[in-house]
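The values are calculated or read from the model by the stated rules, or taken from the named source; none is laboratory data. Keep in mind the model is a prediction, meaning the values are calculated, not measured. Cβ: placed from backbone, ideal geometry, glycine included. Neighbour counts: every protein chain shown. Side chains included, ligands, DNA and RNA excluded: accessible areas come from the protein's heavy atoms. Shrake-Rupley method; radii C 1.70, N 1.55, O 1.52, S 1.80 Å.
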Amino acid sequence: MSALDAAQAALAAEHAAVYGYGVVGGRIGAERRAEATSAYEAHRARRDGLRRTVRDLGGEPAAAAAGYELPFPVPDTAAAVRLAAVLEDRVAGVYSDLVRASEGTLRRDAAAALREAAVRAVRWRGTDVTFPGLAERV
């Protein structure tokens, strides 16, 4: 996979995460709303950075879809927390691909994004995984 393809995949995942956190924010309880808002803002910032990265690599940034299919219904706070963890796991997976496909500053930034997503996933889920970003690729 080329760095451009991996960056496009990461951008697509960030688009989906931003959408997904919109759903999370609408269902999450007040006690975790600030956490959801912080994650939403982090994904927006990463999305915007990836748009620039894709352009720098010679590509045209993929546009966000009008909507995304959620992996399961999200009727309440418990489901919103589960969705947030799934979103972070998925983002970690595509960033692991970008780490493998890139070098230099882009690789360092992708590794930081992978780490941030893994930490957020642990916070949402309450447990960790041995190799964040890799389990999603099995």
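Of the residues making up the stretch 43-59, those that are in contact with a helix residue (DSSP H, G or I) (Cβ under 7 Å, 6 or more places away or on another chain) and open to solvent by 30 Å² or more (accessible area, probe 1.4 Å) are ARG44, ARG46, ARG47, ARG51, THR53, LEU57, GLY58. Screening ARG100, ARG51, ARG82, ARG44 for residues that are at pLDDT 95 or above and over 16 Å from the mean Cα position of the chain (by Cα) leaves exactly one candidate, ARG100.
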